[in-house]
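Participant: Pasting a structure here, questions to come.
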Amino acid sequence: MAEAVAVRDLVVNFGERAALGPVSFTLAEGSITALVGRSGAGKTTLLRCLAGLLAPSRGEVKMLRGQGRPRIGYVFQDARLLPWLSVAGNVAFGLTHLPRAERREAVAKALAQVGLSGWAHARPGELSGGMAQRVAIARALARAPDLLLLDEPFSALDAFTRRHLQEELRLLLHRVRLTVVFITHDLDEAIALGDRLLVMAGPPGRIVADLPVSDTGGALLKRQVLALLEGSGEEALQSPTLRVLAAHAG
Ligand SMILES: Nc1ncnc2c1ncn2[C@@H]1O[C@H](COP(=O)(O)OP(=O)(O)OP(=O)(O)O)[C@@H](O)[C@H]1O
Ligand SMILES: [Mg+2]
């Protein structure tokens, strides 16, 4: 499969603090990658570099597909909707470069994709948390992104809504075939949605395992990743489980 993104020797330091790297990997076009790792491992820092929201201290993120400036869709942990705009207005935000008719079409399509066609004129205050998060996903999709990035998109939701939205997103991602990277602390979510797991340890954040998700063997994979996450930082890098996993991924 063609490569969509190449990350080379990426390093982020915040002053004296080494937060990330060096990390290198490539993303295949249409692949869905789950980033997992302990709190503080550098997942959000890596995602922000992929989005171009944060300039790395060293190294680079290279978008290999598409022409001109890459379009990025970014979904945060909370929906971050603008309360004074309608649902449609929020989804249209950032599409000002499009002629009005095209903009309207893109908004309608994105709202349909997340099952909220009937809510275009509602205000964010009238939505449940799960609906608001679907609007945030629609806002990201409406840009027709080259790369869709999601930072723990369902972590603020109750368990039931979360499972429901995971399944919706899984079906949606298989329909649209975007290149996707998402962060989650939920290994079931990582395995259900992802076709690849990048396991991070840190800080400074390093990729300690790069594992394909197959249709079978999810339970084994989950045990492996949990064993891996039991260690932390340098300690994890030394663990025998990790060495086995690294060899397996290698
Ligand atoms: N703006 C910042 N200024 C200074 N240090 C930062 C900044 N953002 C992140 N860090 C540091 O970088 C490291 C990685 O943080 P990051 O937010 O990427 O972790 P994370 O893996 O996303 O954690 P979590 O799972 O808790 O969201 C941490 O040590 C954090 O304190
Ligand atoms: Mg984070």
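The values are calculated or read from the model by the stated rules, or taken from the named source; none is laboratory data. These figures come from a predicted structure and were not determined experimentally. No Cβ is skipped: glycine too gets one built from the backbone with ideal geometry, and neighbour counts run over all protein chains shown.
Participant: If I go through region 133-148 residue by residue, how many of them are farther than 20 Å from His164 by Cβ and buried (at least 23 other Cβ atoms within 10 Å of the Cβ)?
Facilitator: Residues of region 133-148 that are farther than 20 Å from His164 by Cβ, as a first pass: 142-147.
After this cut, where a residue has to be buried (at least 23 other Cβ atoms within 10 Å of the Cβ) as well, the list is 142, 147.
Of the residues in region 133-148, 2 are farther than 20 Å from His164 by Cβ and buried (at least 23 other Cβ atoms within 10 Å of the Cβ).
Participant: Which number in (1) free of Cβ contacts under 8 Å to residues at least 40 places away in the same chain; (2) more than 16 Å from ligand 2 (Cβ to nearest atom) marks the one condition that Leu53 misses?
Facilitator: (2)
Participant: Please enumerate the residues belonging to region 67-78 that are more than 16 Å from ligand 2 (Cβ to nearest atom) and under 11 Å from Ala140 (Cβ atoms). Lay out the reasoning, then the answer.
Facilitator: Restricting attention to region 67-78, the residues satisfying the condition of being more than 16 Å from ligand 2 (Cβ to nearest atom) are 67-73.
Within region 67-78, Arg71, Ile72, Gly73 qualify.
Participant: For the condition more than 15 Å from ligand 1 (Cβ to nearest atom), of a type in the set (Val, Ile, Thr) and buried (at least 21 other Cβ atoms within 10 Å of the Cβ), what is the one hit in Val180, Val208, Val213, Val199?
Facilitator: On inspection, the qualifying residue turns out to be Val180.
Participant: Turning to a different aspect of this structure: Could you check region 1-54 and list, in sequence order, the residues that are part of a strand (DSSP E or B), within 11 Å of ligand 1 (Cβ to nearest atom) and in contact with a helix residue (DSSP H, G or I) (Cβ under 6 Å, 6 or more places away or on another chain)?
Facilitator: Hits for region 1-54 are Val12, Ala19, Leu20, Leu35, Val36, Gly37.
Participant: Scan region 141-168 for residues that are under 19 Å from His97 (Cβ atoms) and within 16 Å of ligand 2 (Cβ to nearest atom) and jot them down.
Facilitator: Passing the criteria: none in range.
Participant: Under 7 Å by Cβ, and 6 or more places apart or on different chains, what pairs join a residue from region 29-48 that is closer than 14 Å to Ala18 by Cα and touching a residue at least 24 places away in the same chain (Cβ under 8 Å) with one that is more than 10 Å from ligand 2 (Cβ to nearest atom) and among the aromatic types (Phe, Trp, Tyr)?
Facilitator: none
Participant: Here is a follow-up. Only one residue in Ala101, Ala88 is within 30 Å of Gly118 (Cβ to Cβ) and without any contact (Cβ under 8 Å) to a residue 12 or more places away in the chain. Which one? I'd like the intermediate steps shown before the answer.
Facilitator: Numbers: Ala88 fails: without any contact (Cβ under 8 Å) to a residue 12 or more places away in the chain.
Selected residue: Ala101, the only one of Ala101, Ala88 that is within 30 Å of Gly118 (Cβ to Cβ) and without any contact (Cβ under 8 Å) to a residue 12 or more places away in the chain.
Participant: Additional query: Which residue, of His121, His185, His174, is surrounded by fewer than 16 Cβ atoms within 10 Å (Cβ to Cβ) and within 16 Å of ligand 2 (Cβ to nearest atom)? I'd like the intermediate steps shown before the answer.
Facilitator: Details: His121 fails: within 16 Å of ligand 2 (Cβ to nearest atom); His174 fails: within 16 Å of ligand 2 (Cβ to nearest atom).
Step by step, each of His121, His185, His174 is checked, and only His185 is surrounded by fewer than 16 Cβ atoms within 10 Å (Cβ to Cβ) and within 16 Å of ligand 2 (Cβ to nearest atom).
Participant: Next question, about the same structure. Among the numbered criteria (1) touching a residue at least 24 places away in the same chain (Cβ under 8 Å); (2) surrounded by fewer than 14 Cβ atoms within 10 Å (Cβ to Cβ); (3) more than 16 Å from ligand 2 (Cβ to nearest atom), which one does Arg17 miss?
Facilitator: (3)
Participant: Could I ask something else about it? Is it the case that some residue within region 85-107 is charged (D, E, K, R), within 23 Å of the chain's Cα centre (by Cα) and modelled with pLDDT under 95? Walk me through how you get there before you give the answer.
Facilitator: Taking region 85-107 first, the residues charged (D, E, K, R) are 100, 102-105.
When the remaining residues are screened for being within 23 Å of the chain's Cα centre (by Cα), the result is none.
No: zero hits.
Residue-by-condition table, conditions (1) in a loop (DSSP other than H, G, I, E, B); (2) touching a strand residue (DSSP E or B) at 6+ places or on another chain (Cβ under 6 Å); (3) within 16 Å of ligand 1 (Cβ to nearest atom); (4) closer than 29 Å to Ala190 by Cα:
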{"residue": "Arg65", "(1), (2), (3), (4)": "yes, yes, no, yes"}
{"residue": "Pro70", "(1), (2), (3), (4)": "yes, yes, no, yes"}
{"residue": "Gly89", "(1), (2), (3), (4)": "no, no, no, no"}
{"residue": "Val107", "(1), (2), (3), (4)": "no, no, no, yes"}
{"residue": "Ala138", "(1), (2), (3), (4)": "no, no, no, yes"}
{"residue": "Leu149", "(1), (2), (3), (4)": "no, yes, yes, yes"}
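Participant: Next up: Within region 61-71, can one find any residue that is in contact with an Asp or Glu (Cβ under 8 Å, 6 or more places away or on another chain), within 15 Å of Leu148 (Cβ to Cβ) and surrounded by 16 or more Cβ atoms within 10 Å (Cβ to Cβ)? Give the derivation first.
Facilitator: Filtering region 61-71 down to residues in contact with an Asp or Glu (Cβ under 8 Å, 6 or more places away or on another chain) leaves 63-66, 70-71.
Then drop every residue that is not within 15 Å of Leu148 (Cβ to Cβ), which leaves 63, 65-66, 70-71.
Restricting the remaining residues to those that are surrounded by 16 or more Cβ atoms within 10 Å (Cβ to Cβ) gives 63, 70.
Checked against the condition, which is being in contact with an Asp or Glu (Cβ under 8 Å, 6 or more places away or on another chain), within 15 Å of Leu148 (Cβ to Cβ) and surrounded by 16 or more Cβ atoms within 10 Å (Cβ to Cβ), region 61-71 yields at least one hit.
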